[in-house]
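The next block holds one structure in the form of structure tokens; read it before the comments.
We did not get these values from a lab; they are worked out from the coordinates using the rules stated. Treat the numbers as computed from the prediction; the structure is a model and nothing was measured. Every residue, glycine as well, gets a Cβ built from its backbone with ideal geometry; the counts of neighbours run over all protein chains shown.
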Amino acid sequence: MKYTLALFLCLLLVTDFITAQNSFSDHNTKKAKQIDSLYKTAINIADSNPNKADSIANKIIELTLKNDKNLKALAYIIKGEANYYQQNYDSALQMYMDAAPLLKELNDSVKIAGNYSNLGLIYLLKANYKTALSYYDKSYHLESLLNDSIGMAKSLQNMGLIAGNWQRYELQQSYYQQSLKIYEKLKEIRSIADISLNLGVSLITQEKYKDGLQYYKDALKAYEQLQDSSRIASVYTNIGYYHVRTMDFDKANLYLNKAIFIFKKLKDKTGLLNTYAALGDVCAKQGNKQKAIELYTQCEKINASIGLTEIRINNLFSLYEAYKEIGNFEKALYTFETYKTLSDSIYSNENLNKILDLENKYLKQKNQNQITRLKSRNRLYTIIFLAISFILIFGGVFFFFFNRDKGMKEKQRLLALEQNVLRTQMNPHFIFNSLSVVQCYILENKTMESVDFLADFAGLMRMVLHYSKEQFITLSQEKEVLDYYIDLQIKRFGDNVKYEIEIDENIDRSKTMIPPMLAQPFIENSFEHGELCKMKDGKITVKFEKKGTNLSYRIEDNGIGILSKKKEVHRKNPTTNNKKHKSLAIKITKERLLLINKNHLGQKINLTVQDKSKFNQTGTLVEFTIPLREMN
């Protein structure tokens, strides 16, 4: 059973209050002073007493003249704040949207930037990452122009949350660290604690438990000093999830129940939602599937009034697995279909590309801001920078035209090679056969087998599409892909074939980096051409071993071997040229390695393919020798 445990990343960021001073110089009246007082009162109590803040906003609208767009916009923002703290996210979103055109007409950059950030947070909570990022991009741009340090820090922090949802943890931690530097400079204790908690979640997700737990403890200490009950409960929930991951269920129950007690007292639906989900995970891990289903179902009821899509996706998958375990296949299938529909609506390639585009745009903007600050500090440095830039640009243009034809040919070859690699990794033949397996299950009325096979197939397709864009992935990620792929092949060909993946204890699988999916073409050959499925004791062994400064990556099977296969082909058709039967997998892989070695000078990857007949054995032995490379 593949069990996915989703950590609760606390959304501790308050929405950006519009704290800019408002001028009432043109309204020296009793009404104007009354509105000014009401506005300041509402802003100060929005988080602690949202109902009263909402009432004040309605009062401001009553007192405001129809043509006073400034005050009307502020009233909408207050109502948005109030609805946000009441967890009425749809209503909050509508209030911020109503304020947007009024602020645009007023051309007030400060208020516009704050409203963009508010909109981004609501869309982030609703798991609409593409829209959230677009608003944060606009907000960060205005905040940079205004030199608004707090606003910039919050935008960076929220961008980090989104990067984490796409498992881009290195980028996520970069955003957090930039945000943390700003908060430390401003001595914002609460915000520093928030960042510490989010950093802890990021590290725990990557199985860096010791460092992650320390960040949790630092955050908890700060919140206890601030006497912030809501955030203390959030830390308890995260520590509870940590103990679920480390299989200490007694401590997990202790911390989660402490969190529930506080969230109930505060009537915090979002907090309860995540904490009940965590308790469901504890019950599922301990084998109490019925209790887990009750807790997951309770989460669905709570979430119906909130609408947090990302949390619902994780909860639905957990609920599907629980139904499957107790044999309620009808509900399992329905739950899985709902989960798949929601998941695909978020994790589409279009959204991922948008995130990458905005990421690049943000990095470009950050560099431009650094240049702007440099100009303001010292004119001499600016002149030197411009001179160096001119030289670099002139040299770059010259180099570009000199190598343009060669570069275009290289790009064309790279594109063709990427397409070949993708076809080799996940070819139409394999997809067709996999779907045929599902068809057979359906015809044989094997509902559970169909659901399992489709879930694994969808997971494999997602990973292949995602990792094929990366130059290097971790050893853990490579093992995950291999597990999915080999499991599917075994389900296709039967249980005669066994496999084993061995990883040297001296290798840190979460940090060691290798090119993605090197082994897949050769494993496919073992099934398709090695005739393992015809053997009673067919076996594939994948082994990762540290040898000095290199990593040995071996794929071994006990099939008929490449020499025997060539002899068989020649026997069936003596006129066939053996060179034409040279493995396409070997050819494509060698071209990949040639390109990798060219792009990473001094780190050459070698490939050897041998028939085991030279060792008086049957089968094929493939070995990659890869220079050890660890993630920073």
Quick check: net charge around TYR215, other residues with Cβ under 12 Å of its Cβ, Lys/Arg +1 and Asp/Glu -1? +1
Calculate one ³J(HN,Hα) per residue across segment 499-514 by plugging θ = phi - 60° into the Karplus curve 6.51 cos²θ - 1.76 cosθ + 1.60, and present them in order as whole Hz with x for glycine and proline. 9, 8, 10, 10, 10, 3, 4, 7, 9, 7, 5, 7, 10, 5, 10, 9
Cβ-based net charge around TYR334, under 15 Å, with every Lys or Arg adding one and every Asp or Glu removing one: 0
Test of understanding: what is the full-extension gain from GLU623 to LYS479, defined as 0.36 nm times their sequence separation minus their Cα-Cα distance? 50.2 nm
Can you list the residues, at least 5 places off or on another chain, whose amide H is less than 5 Å from the amide H of LYS539, using H built in the peptide plane? LYS498, ASN558
Between LEU518 and residues 5 or more places away or on another chain, which pairs have amide H atoms under 5 Å apart, with H built 1.01 Å from N, and which residues are they? none
Find how much the distance from LYS536 to GLU207 grows on full extension, using 0.36 nm per residue of separation minus their present alpha carbon separation; answer in nm with one decimal. 114.6 nm
Which ³J(HN,Hα) values, rounded to whole Hz and listed in residue order, are derived for segment 136-145 from phi using the Karplus coefficients 6.51, -1.76 and 1.60 in 6.51 cos²θ - 1.76 cosθ + 1.60 with θ = phi - 60°, glycine and proline given as x? 5, 4, 5, 4, 5, 4, 5, 5, 5, 5
Using a simple spin-label model with points 7 Å from Cα along the Cα→Cβ vector, what separation in nm is obtained for ILE326 and ILE150? 4.9
Could you tell me the calculated FRET efficiency between LYS598 and GLN439, based on Cβ-Cβ distance and R0 = 60 angstrom, to the nearest 0.05? 0.85
Residue by residue through segment 306-312, which ³J(HN,Hα) values in whole Hz follow from phi under the Karplus form 6.51 cos²θ - 1.76 cosθ + 1.60 (θ = phi - 60°), with glycine and proline marked x? 10, x, 8, 5, 4, 5, 5
Whose amide H sits under 5 Å from the amide H of ASN550, counting only residues 5 or more places off or on another chain, with H placed in the peptide plane? LEU628
